[in-house]
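As structure tokens, the structure follows; a few thoughts come after it.
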Amino acid sequence: MEGSSGMNVDIDYEAVTSALLGSDHSTTSLSQALSDAWSDVYRAATPGANLYEFNLAGWSFLFDFASESDAPQWDRTLAGWGLSAPGVRPRDTTYQRGYPSPNGRAKAPLDKGHLIPHQVGGDLGQNIFPQDRDLNRGWSEEGKRYRALEREIGRSSGTFFFCRLVYVDETDFPGWVELGVLREAVLHVERFRNRFD
């Protein structure tokens, strides 16, 4: 798959993780290897990338703060990851209502999607991105698979997972969403189409 610059944005997750995922796998080592791979691929495809990795409320994020360096792409989150913490949490509906709406940016309706699902502790801010409504709500065939992975992540505490956004232009509207979940010693990753323009 190609990003906005025509560069390949695919990641060989098996090659990145194979040496790390033995019987004594470390999610710290896995997190660093994934962050490095995402950063390398993104920098190759996005000249002027100004990447920051930070932790917020127990989650890790990789963010391109492009406006700080006057790069042409929008400020945007590349990935979010961590260990699931299932539980019932109230939604901050006031904040979410005030967050810029993604509607009007695509032919199909969009939602304010979450990299870190709300059901496992995902909050707002950098965690929100324009997401195809059928994908987010599980209405399409891909959406059914996407929601099944989110439910799997939410079933047990301490499950390592990630969400990576793959951009196809300079906006913050990703063309693809990748979800990965660590199952025993195997990283299962699926990619879902998010744009249809």
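Bear in mind these aren't lab numbers, they're just calculated from the coordinates by the rules spelled out. This one's a predicted model, so the numbers in the text were calculated from it and none came from an experiment. When we count neighbours, we look across all protein chains shown, and the Cβ atoms used for this are built from the backbone with ideal geometry, even at glycine.
Taking 0.36 nm per residue of sequence separation and removing the Cα-Cα distance, the S156/Y52 pair yields an extension gain of 34.5 nm.
Residue ranges 39-47, 125-133 sort as 125-133, 39-47 when ordered by packing (mean number of other C-beta atoms within 10 Å per residue, highest first). Please give me the summed charge of the neighbours of F63: other residues whose Cβ is under 13 Å from its Cβ, Lys and Arg +1, Asp and Glu -1. It works out to a net charge of -3. Ranked by the mean number of other Cβ atoms within 10 Å of their residues, highest first, the peptides 136-143, 53-60 come out as 136-143, 53-60.
Charging the Cβ of each Asp and Glu at -1 and of each Lys and Arg at +1, and nothing else, the dipole of the stretch 13-193 about its Cα centre rounds to 800 debye.
Scaled against 2.2 N^0.38 Å for its residue count N, the alpha carbon radius of gyration of the stretch 13-193 is 1.00. Between E68 and E184, the simple spin-label model (points 7 angstrom out along Cα→Cβ) gives 4.2 nm.
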